[in-house]
Amino acid sequence: MKKNIGTIDKVIRILVAVVIAVLYLTKVITGTAGIVLLVLAVVFVLTSLVSVCPIYLPFGLSTVKKDEKK
């Protein structure tokens, strides 16, 4: 699959995932909302690792710079 997540996008996704995880572990967010956000954090980490966002695909979006495509 063609990569569509650039470096800055990866960093932002991982930072958001870490913040969500910390908030969940410190019990700032709990219940159903906490679980949903935790699942979202896992999705962010996974998409960052594989450099492909399935939501970007149908719209033809890409945050990969032309330099990174090589």
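Here are the numbers for this structure:
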read-out	value
Positive-pole candidate from V42, C53, T30, dipole of the chain, charges at beta carbon	C53
Total lysine pairs whose alpha carbons fall under 14 Å of each other in the chain (8 or more apart, or interchain)	9
Quotient of Cα Rg and 2.2 N^0.38 Å for the chain, N being how many residues it contains	1.25
Note, ³J(HN,Hα) from phi for the stretch 39-50, Karplus 6.51, -1.76, 1.60, rounded to Hz, x at Gly and Pro	4, 4, 4, 5, 4, 4, 5, 5, 5, 5, 5, 8
Loop trypsin sites (Lys or Arg not before Pro), the stretch 1-61 (other Cβ atoms within 10 Å of the site Cβ: 16 or fewer; DSSP)	K2, K3, K27
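Rule-based calculations on the coordinates, nothing more; no lab input. Remember, it's a predicted structure, so these values are computed and weren't measured experimentally. Reconstructed Cβ throughout: ideal geometry from the backbone, glycine too, with neighbour counts over all protein chains shown.
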